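What follows is a set of notes on a single structure, which appears directly below.
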Amino acid sequence: MQRTNFVRYTWLALFLVGLLVAGASSQAPSPAELRARSTKLMNDGNFKEAYDGFRKLCLDPKTEPGQVSSDLTNAVQCLYRLGRVTEFDELVESTVAAHKENWRLLQTAANQYIQTPHQGFMIGGKYERGGHRGGGEVKNSGERDRVRALQLMQQAIPLAAKDDNKGEVSQFWLNFGELLLNHRGFYEAWRLQYLADLNTLPDYDEGYFYYREYNGAPVDENGKPVYHSVPKSWEDAQTDGQRWRWALAQAVENSPHRLNAVRLHFANFLEQQFGVQSMAQIGRFGRGGFGPIEDDDTKKNESGTYALHTLKENETIARLANGIKRFELPDEFNYLKLYQQIIAEPKTGYAENAYQQLAGVYANRRQYPAAAKQWQENITKFGPGQNNWKQLQLDQIVGNWGTFENTTSQPSGQGATVEFRFRNSKQVKFDARAIKLTELLDDVKAYLKSDPGNRLDWNKLNLANIGYRIVQENEQKYLGESVAAWDLDLEPRENHFDRRITVTTPLQKPGAYMLTASVEGGNVSKIILWVADTAIVQK
């Protein structure tokens, strides 16, 4: 009897244990397990299953506050890979609703709105983000997405203020500043004069989003440049430009070690708006830069590139909305002074960056001795840089240098001339070697007779390209002996400015010549000079 009861109880115990094991195995995975599984699915390319997992984590109010931001980012990436960008807004807003007290998640959601595609279609009175087949009215949500991002960041302000991790709070404000500049950069800076209404989302805009043609930095009703001061508080800001300055100030307030990072950011913006390179369409005004854009008849060009080297430290010449102007910069908005402050107070870093920017500013202003000084101090304090690149930049200013300008064919019997541009040099040696045109033509004929078919190498047929072939492909067999060699004393301009001169060569006979200029203590420049036979034959 006892044995029977023992067996009965043993089977009962085993049955209960089995139920417990089965129940445990049927429970949902923990958030950490679901996240790990979804991450693996995403990495393996199973984006649908991965999205389902990440979405579940995003919509769960109990998901770890420090993890849900990455969950949302991954979920959005899965939607993109699935071609389901139309579901973006619902996912983000549902996640925000589940974690509205998590300022880090609100910041991530704001960034997602800025990064997501802004094109879409209005279909049946509803905006569908992304591409669409089958008609619909083209819309863009660029401005609407920006305002929604700013709303989320504003919602996060009081929550971030309570956080003890001031380093992350400082980064929050830096990020806020970047969002405020979105669609408000170089070409659209005039929009910073307006205060975005963060209480109401703007309507969708018609057509495709595009940047306007740049017409110069914005000016006020008196024709003066528009600057952006720091307001007393976020609520006191009168423009988005003031909101941006407030955000930068808060980044420093929460983390003083970011002082120079903020200075550099602000200085770069000011240089972009009011630097002398703004007179050009693209590029810098340094060696070989583009010239100024011609103003229309309604705008007075008060100064040009000829006056750049005369600028004082508190002056600039810039392209404003009402024309090219020469004007003084207030200290608070003087990008040169900001770069100099970073160098003078390097405790919070970025001095090396400031040296580089300042050297570029002086080079743009054609104040080459000042630019050389910045490079020299940069090298002394921080080294010559990888592959000696800083020293090379310095040598571009202070080193001996010369080059031939482009030329056309010259008539024979008159002493062919070439234009030569040099810097700092006091002497140059010239050497002329005749090109063996007969051998070159014979090789061209032989190549054509070889019947190259469809694999015709035009480089072998292009006689005008012989200079490139001799120099770059080492086809020295076409070079004859030296036919002329001479020295020339040079008188360089002061302050490292370039000088251009006309050099008369002793070349009289028709033919093609490789002309080489070797600058004393500097570089070597080569050019092909064609001397034409201009004799007139009487019939």
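Considering (1) polar (S, T, N, Q); (2) surrounded by fewer than 22 Cβ atoms within 10 Å (Cβ to Cβ); (3) modelled with pLDDT of 95 or more, say which one N322 fails and leave the rest.
Exception for N322: condition (3).
Out of the residues in the stretch 187-224 meeting the condition of being touching a strand residue (DSSP E or B) at 6+ places or on another chain (Cβ under 9 Å), part of a loop (DSSP other than H, G, I, E, B) and open to solvent by less than 100 Å² (accessible area, probe 1.4 Å), tell me which one is modelled with the lowest pLDDT.
Among them, the one singled out is F209.
Identify all residues within the stretch 411-427 that are within 21 Å of Q508 (Cα to Cα) and not small (G, A, S); write none if there are none. Spell out the reasoning first.
Taking the stretch 411-427 first, the residues within 21 Å of Q508 (Cα to Cα) are 411-420.
Answer for the stretch 411-427, where residues must be within 21 Å of Q508 (Cα to Cα) and not small (G, A, S): P411, Q414, T417, V418, E419, F420.
Would you mind telling me which numbered condition in (1) assigned to a helix (DSSP H, G or I); (2) open to solvent by less than 30 Å² (accessible area, probe 1.4 Å) S94 fails?
Status for S94: all satisfied but (2).
Can you name every residue in the stretch 155-178 that is over 17 Å from L192 (Cα atoms), in a helix (DSSP H, G or I) and either touching an Asp or Glu at 6+ places or on another chain (Cβ under 9 Å) or open to solvent by 60 Å² or more (accessible area, probe 1.4 Å) (or both)?
Those that are over 17 Å from L192 (Cα atoms), in a helix (DSSP H, G or I) and either touching an Asp or Glu at 6+ places or on another chain (Cβ under 9 Å) or open to solvent by 60 Å² or more (accessible area, probe 1.4 Å) (or both): Q155, P158, L159, A160, A161, K166, E168, V169, S170, Q171, F172, W173.
Which of the residues belonging to the stretch 488-523 are open to solvent by 70 Å² or more (accessible area, probe 1.4 Å), acidic (D, E) and either in contact with a Lys or Arg (Cβ under 6 Å, 6 or more places away or on another chain) or not in a strand (DSSP E or B) (or both)?
E491, E494, E520
For the stretch 107-119, check the following and say yes or no: at least one residue is at pLDDT below 95, in contact with a Phe, Trp or Tyr (Cβ under 8 Å, 6 or more places away or on another chain) and outside any loop (DSSP other than H, G, I, E, B).
Yes, some residue in the stretch 107-119 is at pLDDT below 95, in contact with a Phe, Trp or Tyr (Cβ under 8 Å, 6 or more places away or on another chain) and outside any loop (DSSP other than H, G, I, E, B).
Would you confirm, using the coordinates I've provided, whether A237 is touching a residue at least 12 places away in the same chain (Cβ under 8 Å), buried (at least 19 other Cβ atoms within 10 Å of the Cβ) and not in a helix (DSSP H, G or I)? Before you say what the answer is, go through the steps one by one.
Details: touching a residue at least 12 places away in the same chain (Cβ under 8 Å): yes; buried (at least 19 other Cβ atoms within 10 Å of the Cβ): yes; not in a helix (DSSP H, G or I): yes.
Yes; evaluated as a whole, the condition is true for this residue.
Within the stretch 411-423, work out how many residues are in contact with a strand residue (DSSP E or B) (Cβ under 7 Å, 6 or more places away or on another chain) and open to solvent by 30 Å² or more (accessible area, probe 1.4 Å). I'd like the intermediate steps shown before the answer.
First pass over the stretch 411-423, keeping only residues in contact with a strand residue (DSSP E or B) (Cβ under 7 Å, 6 or more places away or on another chain): 411-412, 415-423.
The next check asks that each one be open to solvent by 30 Å² or more (accessible area, probe 1.4 Å); those that pass are 411, 417, 419, 421.
So the count comes out to 4.
Determine whether the stretch 438-452 contains at least one residue that is hydroxyl-bearing (S, T, Y), at pLDDT below 75, farther than 30 Å from A372 by Cβ and in a loop (DSSP other than H, G, I, E, B). Don't jump to the end; show me each part of the working.
Initial filter on the stretch 438-452 (hydroxyl-bearing (S, T, Y)): 438, 447, 450.
Retained after the next criterion (residues that are at pLDDT below 75): 438, 447, 450.
Filter once more, keeping what is farther than 30 Å from A372 by Cβ: 438, 447, 450.
Checking which are in a loop (DSSP other than H, G, I, E, B) leaves us with 450.
Yes, the stretch 438-452 has at least one match.
Name the pairs whose Cβ atoms lie under 9 Å apart, with the first residue in the stretch 173-201 and without any contact (Cβ under 8 Å) to a residue 60 or more places away in the chain and within 12 Å of Q151 (Cβ to Cβ), the second open to solvent by 20 Å² or more (accessible area, probe 1.4 Å) and part of a loop (DSSP other than H, G, I, E, B), and 6 or more positions between them or separate chains?
A196/P202
Going by the structure shown, is E49 in contact with a helix residue (DSSP H, G or I) (Cβ under 7 Å, 6 or more places away or on another chain), open to solvent by 60 Å² or more (accessible area, probe 1.4 Å) and in a loop (DSSP other than H, G, I, E, B)? Spell out the reasoning first.
Details: in contact with a helix residue (DSSP H, G or I) (Cβ under 7 Å, 6 or more places away or on another chain): yes; open to solvent by 60 Å² or more (accessible area, probe 1.4 Å): yes; in a loop (DSSP other than H, G, I, E, B): no.
Judged against the criteria, E49 is not a match.
I'd like to check something: does the stretch 340-350 contain any residue that is more than 24 Å from the chain's Cα centre (by Cα), aliphatic (A, V, I, L, M) and open to solvent by 70 Å² or more (accessible area, probe 1.4 Å)?
yes
Could you figure out which of (1) small (G, A, S); (2) open to solvent by 60 Å² or more (accessible area, probe 1.4 Å); (3) in contact with a Lys or Arg (Cβ under 6 Å, 6 or more places away or on another chain) isn't true of G120?
(2)
Starting from the stretch 92-104, keep only residues that are touching a residue at least 12 places away in the same chain (Cβ under 8 Å), then list their pairs with residues that are open to solvent by 40 Å² or more (accessible area, probe 1.4 Å) and assigned to a loop (DSSP other than H, G, I, E, B) whose Cβ atoms are within a distance under 8 Å, requiring at least 6 positions of separation or different chains.
A98/D60; A98/P61; H99/P61; H99/P65; N102/P65; R104/P65; R104/G66
Counting only residues that are open to solvent by 50 Å² or more (accessible area, probe 1.4 Å) and either part of a helix (DSSP H, G or I) or out of contact with any helix residue (DSSP H, G or I) (no Cβ under 8 Å at 6 or more places or on another chain) (or both), which one in the stretch 325-338 is farthest from A249 (Cα to Cα)? Please lay out each step first, then the result.
From the stretch 325-338, those open to solvent by 50 Å² or more (accessible area, probe 1.4 Å) are 326, 328, 330-332, 337; that's our starting set.
Keeping just the survivors that are either part of a helix (DSSP H, G or I) or out of contact with any helix residue (DSSP H, G or I) (no Cβ under 8 Å at 6 or more places or on another chain) (or both) gives 328, 330-332, 337.
Numbers: E328: 24, P330: 19, D331: 17, E332: 13, K337: 18 Å.
This residue is E328.
For the stretch 377-387, indicate whether the set of residues that are aliphatic (A, V, I, L, M) and either at pLDDT 95 or above or open to solvent by less than 10 Å² (accessible area, probe 1.4 Å) (or both) is non-empty.
The first filter runs over the stretch 377-387 and keeps only residues aliphatic (A, V, I, L, M), leaving 379.
Next, only the ones that are either at pLDDT 95 or above or open to solvent by less than 10 Å² (accessible area, probe 1.4 Å) (or both) stay: 379.
Within the stretch 377-387 (the criterion being aliphatic (A, V, I, L, M) and either at pLDDT 95 or above or open to solvent by less than 10 Å² (accessible area, probe 1.4 Å) (or both)), the answer is yes, since at least one residue qualifies.
Going by the conditions given, is N140 over 21 Å from the mean Cα position of the chain (by Cα) and open to solvent by less than 50 Å² (accessible area, probe 1.4 Å)? Can you show your working first?
Numbers: over 21 Å from the mean Cα position of the chain (by Cα): yes; open to solvent by less than 50 Å² (accessible area, probe 1.4 Å): yes.
When the stated conditions are applied, N140 passes them.
Among the residues in the stretch 68-78, are any surrounded by fewer than 15 Cβ atoms within 10 Å (Cβ to Cβ), in a helix (DSSP H, G or I) and of a type in the set (D, E)?
No: the stretch 68-78 contains no residue that is surrounded by fewer than 15 Cβ atoms within 10 Å (Cβ to Cβ), in a helix (DSSP H, G or I) and of a type in the set (D, E).
The values are calculated or read from the model by the stated rules, or taken from the named source; none is laboratory data. Values in this document were obtained by computation on a predicted structure and should not be read as measured data. Cβ sites come from the backbone with ideal geometry, for glycine too, and all protein chains shown count toward neighbours. The accessibility values were calculated without ligands, DNA or RNA, using every heavy atom of the protein model including side chains. Shrake-Rupley method; radii C 1.70, N 1.55, O 1.52, S 1.80 Å.
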